[in-house]
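Contents: one structure, followed by commentary.
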Amino acid sequence: VDALQSLRPMAQWVLRGDNLEWHDTEQTQPTEEEIVQKIAELQYQEEVNEYKTLRAAAYPPYADYVDGVVKGDQAQIDAYIAACQAVKAAHPKQTIDAIELQSRKDQALIDHYK
């Protein structure tokens, strides 16, 4: 479903089990290959973005920082910043690698036609 919505935004279609019924008269139905490759791309993108979820769960509460600011406690503020930097180091930002993406799309097609 996500692949179809990404490939053909606002298109009219119905999915019944594995059967796609295309009802849109403005946009062409994506090919099976397009759908398979888009699914691989979306899965890879989800993996790459996982660092965001891990970081969010590991960051210290904002209240610790605000409490330090209100109290004028620079040591508390510095500790908060250090804790955030440690989280960033433990869960570095990820980006999509074009070569890896193409490899995954190619492999998805190979797997699909096995």
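The values are calculated or read from the model by the stated rules, or taken from the named source; none is laboratory data. These numbers were taken from a predicted model, which means no experiment stands behind them. We place every Cβ from the backbone using ideal geometry, glycine too, and count neighbours over all the protein chains shown. These accessible areas exclude ligands, DNA and RNA; they are computed on the full protein's heavy atoms, side chains included. Shrake-Rupley method; radii C 1.70, N 1.55, O 1.52, S 1.80 Å.
At a glance:
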| read-out | value |
| --- | --- |
| Criterion: touching a strand residue (DSSP E or B) at 6+ places or on another chain (Cβ under 8 Å), at negative phi, hydrophobic (A, V, I, L, M, F, W, C) and open to solvent by less than 70 Å² (accessible area, probe 1.4 Å) - qualifying residue of 42, 4 | 4 |
| Candidates 63, 58, 75 - the one that is over 30 Å from residue 1 (Cα atoms) and touching a Gly at 6+ places or on another chain (Cβ under 9 Å) | 75 |
| Tabulated pairs, region 93-112, first open to solvent by less than 80 Å² (accessible area, probe 1.4 Å), second small (Gly, Ala, Ser) and assigned to a helix (DSSP H, G or I), C-beta under 6 angstrom, 6+ apart or interchain | 104/40; 105/40; 108/40 |
| Filter result for the condition that a residue is under 30 Å from residue 38 (Cα atoms) and acidic (Asp, Glu), over 78, 73, 106, 67 | 106 |
| Selection count, region 8-39, where residues are open to solvent by less than 80 Å² (accessible area, probe 1.4 Å) and out of contact with any helix residue (DSSP H, G or I) (no Cβ under 8 Å at 6 or more places or on another chain) | 9 |
| Residue identified as open to solvent by less than 80 Å² (accessible area, probe 1.4 Å), more than 30 Å from residue 109 (Cβ to Cβ) and within 15 Å of the chain's Cα centre (by Cα) among 56, 83 | 56 |
